[in-house]
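Asks: I'd like to ask you about the structure that follows.
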Amino acid sequence: MPGITLDNLRWLLASMLMVALPLFFHFDAWITLFALLLGAWRYHIAVRQKPLPRLRILLPLTMLTTITILATYHGSLGRNASVALLTLMMCLKLLESNSRRDAMLLVFIACFLSLAGFLFSQSLLLGAYLILPLIALTVTLVGISHPNGSLPIRLKLRLSGRMLAQAVPIMLILFVLFPRLSGPLWSVPQDAASAMTGLSESMSPGSISEMIISDEITFRAEFKSLLPTPSERYWRGPVFWFFDGQTWRPGSFTRHLPREPLQGRNNPISYSVTLEPHNRKWLFALDLPDTAIPDSTLNHDYQFSARNPVNTRLRYEATSYLQYQLQRELDPAVRKYALQLPSRGNPLTRAMGQEWAASGAEPDVLVQRALDMFREQPFVYTLIPPKLGQDSVDEFLFSSQRGFCEHYAGSFVFMMRAAGIPARVVTGYQGGAINPIGQYMIVRQSDAHAWAEVWLPERGWVRTDPTAAVAPQRIESGFAAALPGSETIPMFIRERYDWLNSLYLGWDAFNNGWNQWVLGYNQQRQIDLLSRLIGRTLSSEQISAALIVSLISIMLLISWVILRDNGKHRDALQVAYSHFLRKLARVGIMRLPHEGPLDFSTRAAASLPEQATAVHDISLTYVKLRYGRTGTDEQLEKLQTDIRKFRP
Amino acid sequence: MKLPSLRIFSSSRTLTHWTSWLRIARPGSNETVLDRRHVYILPTRQGILFSVILISMLIGSINYSLGLGFILTFLLAGLGVVAMLHTWHNLAHLVISPGRTAPVTAGEDATIRLVALDRAGRERLAIGIQQGKTGPIHADIPANDRGELALPVPTRQRGWLSTGRITISTEFPLGLFHAWSYVELDHCCLVYPRPAAPGQPLPTSGADGASSHQYSNAGDDDFYGLRTYQRGDSLRQIDWKASAREQGLLTKQFKGGSSTFRWLDWQATPGRDPEQRIAQLARWVRDAHESGQPYGLRMPGKEISPARGDAHTHSCMETLALFEVPH
């Protein structure tokens, strides 16, 4: 096999670099440097026309690389380790590649590496970027398969572009119709994905406010018909029952409780949620969800918990009752847990609570009293409250009076429990902005929130949001609107200029479409789409049959497109003469194989005396044009007209 | 030089290889078109490797639910299909006609030449010509134009070079598919016999009395008459004035001093084996040609009158080459 020319090697290296570039962001620096070094080494060898390194250099180098990668990733061969290993192996293979066959193998490995890159990100931008290395790889293959010298770049680019464009319809057909399996074929290796900010498995002062500065999208929701009002947009997350004086936790003892009975009022609202990966088991639904989400469990306090941590984008449908009655009758066990207070600490608040309980007022009056306290006293809703000490609730309620949602929710529940009213802390998300382009709701990390639920007789668990008493704009417009103007938060959260905003929303709508229809195209979506197109539900066998049929038709179509120009270049003169012969054949005068045109014309003229001159003229002209040296277009056209007019 | 002709593959050949069932380019009027029925296409080894990689990419996409992975895999699959069509298209409808080949001596490399013509307005890139294990050698054919496909092959025997089946192939543009077509030439290249080692002196002139034909001494100095032009006569010795008088082409004959002509006679050639005799005669023809003196060749069944010059030498060598070639 002949060797690779320098030009082809350049293209090969360029396309390998383009494929590896997005991956470098996920690798340790040494891996990137090493890969680049190997590429540069190979190029140097080619330019200086030195021989390739021997096996006794390459083999130890390969083993060293493998060991170092295993060491860097602590022995686990998860996503990062495998992709890094593949990249470096590909670069090492480059050092022993000198033939066309090796170069083609490297191109194929680069294609595979592009796929491996999708384990890190499948964003729209990455998809668009990949067109470049794809073209480069195709150009490399074109160059390799032309052994004699280099083709001009423009020719290679044009040819590659044309071939890729012709491949697109096949790709679309396969993408839409190829049967999708409902689950993975084998278990996916776990790698640490980015953890969620804002919410966690516990809540203490500062846990939300310190983490909330993030514009990242938590999930997007599409509503079927009704849209919840801003004050109805409470998305339920972890519920906390147990307070140890500083931190609220879910409490292990509540796990065995039965599901609280829910009675919904009015019609439930249906929606779908596309949740970004966050490596936890939380699934969010509007207060209070009615149906179960597949592969998840609904806790006793109506929090969804997925079976496996959510580390890929997940889409699920749910329905919720916005008006409801939850647990009308409270059994003593639940009451005990809902009144739990730490044995020590926060004496002032305890005293105040006992005072309220002793006053004999109804529970809802007490609730109102607490909310009034927040409203009337100079409480401030701020992202940067002062640090609290041992008696955090006392300090917050009576001295600092500055806090974020977790302070208000936590202290409110403490007060309620001190007054003998069962209460619990609920965290999750509150709010969500509608993207008019695409008609879906965006909920971000910055919408993380904490609120409370109190149990009132005859009414069950009632949601009470103390933050609403202090900063009602928070509920309506998000926390940025509720903070004092002097606080510095990033511009993108606080205010967006109109045009920038609409640009951003447009981009997000596009991104959402990408997520839904390209990345989220699974078996269910496939059946939905095709059933909608055809008009009735299809089975997967019918889909497969449709796939085969359309593939064959597409290939026939492409074949016709590519092969049809053979007719165009047929000799126009020959076509005209064949036409003439056909006309004569119709009246029974057929040219014998051994007859030349002039002989034939004599015979034909003899059989058609009245057309003799026409036949003769036509044949003469034909002979002149075919066998003579010159023939003008006008003569050809005249001949064609004569033949057309000829009626034997 | 004769223009060789193309002929159809005769079914009396016995090849155990499966490719023996494939069609070979049909004859036409000295040209043949590699049309749809004559171009075959199969994946190359790299093409099969490509499909294996695609399948593993597909499995990876399914397992990790990579929507973008599906797009990439399917796009590459589509590219493979399109490449098949392009490769086929690169070769199909190429018009092949035999090229002019100069005769060579046995033992030298002969060049198989084919002229490829594109009538479809497409440039044909990396068209390879291959015969047996030799080759492939690639060439580009410009659009609507001719290009030459040349392949040097070793020769061993005198006579017409039997090339057997020539393969015209291409793997352009992506190297994933191999499209090929077969062409067979009847007479591709004439191979002259290998001359024997020098040493044997040239036979002397006809004065030896070995033949009954008597020719006057032809020389260079004194003009003594005219005779009709014979092929091979030097153009400088033609009587142009006679030609202008419309008496036809006449060669002036001179009587020379020491010039002699000789007969190279098969029967007078030493050697028991006919091949030895032929080799010896070839050597003599060479030497005689170099000496510049006229010579004639007398073989059983054919006789070439004495003359000199390139054309005469060629026709003598051709006679020697084709004389009772053992099959």
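The values are calculated or read from the model by the stated rules, or taken from the named source; none is laboratory data. Fair warning: this is a prediction, and the values are worked out from it, not measured in the lab. Ideal geometry is used to build each Cβ from the backbone, glycine not excepted, and the neighbour counts take in all protein chains shown. Only protein heavy atoms, including side chains, enter the accessible area calculation; ligands, DNA and RNA are left aside. Shrake-Rupley method; radii C 1.70, N 1.55, O 1.52, S 1.80 Å.
Asks: Report the label-to-label distance for A:A606 and A:L181 in nanometres (one decimal), using points 7 Å from each Cα along the Cα→Cβ vector.
Replies: 7.9 nm
Asks: While we're looking at this one, here's another question. Assuming R0 = 60 Å, can you tell me the calculated FRET efficiency for the pair A:S270 and A:A351, based on Cβ-Cβ distance, to the nearest 0.05?
Replies: 0.80
Asks: Once fully extended, how much extra length lies between A:T632 and A:L33, figured as 0.36 nm per residue of separation less the alpha-carbon to alpha-carbon distance?
Replies: Gain on extension, A:T632 to A:L33, equals 208.9 nm.
Asks: Roughly how crowded by other chains is peptide B:41-51, in terms of the mean Cβ count from those chains within 10 Å of each of its Cβ atoms?
Replies: 2
Asks: Expected output is a single nm value to one decimal: the length gained when fully extending between A:T297 and A:V518, i.e. 0.36 nm times separation in residues minus the C-alpha distance. What is it?
Replies: 76.7 nm
Asks: Around A:L12, what is the net charge, scoring Lys/Arg as +1 and Asp/Glu as -1 over all other residues with Cβ under 15 Å from its Cβ? Numbers along the way, then the final one.
Replies: Working: positive: A:R10, A:R42, A:K93, A:R100, A:R101, A:K156; negative: A:D7, A:E96, A:D102.
Result for the neighbourhood of A:L12: +3.
Asks: Just the number, please: carbon plus sulfur as a percent of the accessible area of chain A, 1.4 Å probe, no ligands or DNA/RNA counted.
Replies: Taking all protein chains in place, chain A shows 59 percent carbon and sulfur surface.
Asks: Excluding A:A351 itself, what net charge comes from residues whose Cβ is under 13 Å from its Cβ, given Lys and Arg +1 and Asp and Glu -1?
Replies: So the environment of A:A351 carries a net charge of -2.
Asks: Provide the per residue accessible area, probe 1.4 Å, for the protein assembly as shown, rounded to a whole number of square angstrom.
Replies: Numbers: 47510 Å² over 975 residues.
Here the per-residue accessible area is 49 Å².
Asks: Which sequence of A:D642, B:D118 reflects their accessible areas, 1.4 Å probe, from the largest down?
Replies: Ranking A:D642, B:D118 by accessible area, largest first, yields A:D642, B:D118.
Asks: So how do B:S56, B:S65, A:S207 rank on accessible area, 1.4 Å probe, biggest first, that is with the largest at the start?
Replies: I get B:S65, B:S56, A:S207, largest accessible area first.
Asks: Additional query: Classify segment A:237-346 as rounded, prolate or oblate, taking a ≥ b ≥ c as the square roots of the eigenvalues of its Cα gyration tensor: rounded when a/c is under 1.5, otherwise prolate if a/b is larger than b/c and oblate if not.
Replies: Oblate, since a/c reaches 1.5 and b/c is not below a/b.
Asks: Given axes a ≥ b ≥ c from the Cα gyration tensor, I'd like to know whether segment A:1-81 is rounded (a/c under 1.5), prolate (a/b larger than b/c) or oblate. Don't skip to the end; give the middle numbers.
Replies: Values: a/c = 2.66, a/b = 1.52, b/c = 1.74.
Taking the square roots of the gyration eigenvalues as a ≥ b ≥ c, segment A:1-81 is oblate.
Asks: While we're here: As a test of the formula, what do you get for chain A when each DSSP H run with n ≥ 4 contributes -39,500 (n - 2.57) and the sum is divided by the residue count, at 222 nm and rounded to the nearest 500 deg cm²/dmol? List each step's numbers first, then the result.
Replies: Values: 24 runs with 313 residues, N = 648.
Using -39500 (n - 2.57) per qualifying helix, the result is -15500 deg cm²/dmol.
Asks: Moving on. What are the ³J(HN,Hα) values, in whole Hz, obtained from phi via the Karplus relation 6.51 cos²θ - 1.76 cosθ + 1.60 with θ = phi - 60°, for each residue of segment A:614-619 in sequence order, with x given for Gly and Pro?
Replies: Karplus-based 3J(HN,Hα) across segment A:614-619 equals 4, 4, 5, 4, 4, 5 Hz.
Asks: Roughly what would the spin-label model give for A:K387 and B:L22, points 7 Å off Cα along C-beta, in nm?
Replies: 8.2 nm
Asks: Relative to the present Cα-Cα distance, how much length would full extension add between A:N148 and A:F398 at 0.36 nm per residue of separation? Kindly include the intermediate steps, with their values, before the conclusion.
Replies: Details: separation 250, 0.36 × 250 = 90.00 nm, distance 8.74 nm.
Contour length minus Cα-Cα distance gives 81.3 nm.
Asks: Largest first, what is the accessible-area ranking of A:H256, B:H138, A:H74, B:H312 with a 1.4 Å probe? Walk me through the intermediate numbers first.
Replies: Values: A:H256 130, B:H138 45, A:H74 160, B:H312 10 Å².
Ranking A:H256, B:H138, A:H74, B:H312 by accessible area, largest first, yields A:H74, A:H256, B:H138, B:H312.
Asks: Between A and B, buried accessible area summed over both sides at probe 1.4 Å, in Å² to the nearest 100?
Replies: Buried area between the two chains comes out at roughly 4900 Å².
Asks: Are there any residues in segment B:108-150 with a reduction of at least 10 Å² in accessible surface when going from the isolated chain to the assembly of protein chains? Probe 1.4 Å, please list them by number.
Replies: Flagged in segment B:108-150: B:R119, B:A120, B:R122, B:E123, B:L125, B:A126, B:H138, B:D140.
Asks: Residues of segment A:607-648 with backbone nitrogen within less than 13 Å of a virtual label 7 Å along the Cα-to-Cβ line of A:A572, please, listed as ranges.
Replies: A:631-641
Asks: Give me a single rounded figure for B:169-179: the average over its residues of other chain Cβ atoms within 10 Å of their Cβ.
Replies: Mean inter-chain Cβ contacts per residue within 10 Å come to 5.
Asks: Testing the spin-label approximation: label points 7 Å from Cα along Cα→Cβ at B:R146 and B:E318. State their distance in nm.
Replies: 2.0 nm
Asks: Not counting ligands, DNA or RNA, and with a 1.4 Å probe, what is A:F24's accessible surface area in Å² rounded to the nearest 10?
Replies: 30 Å²
Asks: Still on this model: Taking every pair of alpha-carbon atoms in segment B:96-207, what share in percent sits in each 5 Å bin, from 0 to the bin with the longest distance?
Replies: Taking all Cα pairs of segment B:96-207, the binned fractions are 2, 11, 18, 19, 15, 10, 8, 5, 3, 3, 2, 2, 1, 0, 0 percent.
Asks: With every protein chain left in place and a probe of 1.4 Å, what is the accessible surface of B:M84, to the nearest 10 Å²?
Replies: Rounded to the nearest 10, that gives 60 Å².
Asks: Same structure again: Given B:K241/B:K302; A:K50/B:K133; A:K624/A:K645; A:K336/A:K387, which pairs have Cα atoms separated by over 24 Å?
Replies: Violating the 24 Å Cα-Cα cut-off are B:K241/B:K302; A:K50/B:K133; A:K336/A:K387.
Asks: Over the Cα atoms of the protein assembly as shown, what radius of gyration and what Dmax do you get, in Å?
Replies: Values for the protein assembly as shown (Cα only, Rg and Dmax): 46.0, 160 Å.
Asks: Need one value: the accessible area of A:R265 in square angstrom, 1.4 angstrom probe, rounded to the nearest 10.
Replies: Its accessible surface works out to 120 Å², give or take rounding.
Asks: Within the set of other residues whose C-beta is less than 12 Å from the C-beta of B:M317, count the net charge using Lys and Arg as +1 and Asp and Glu as -1.
Replies: Within the 12 Å Cβ shell, the charges total +2.
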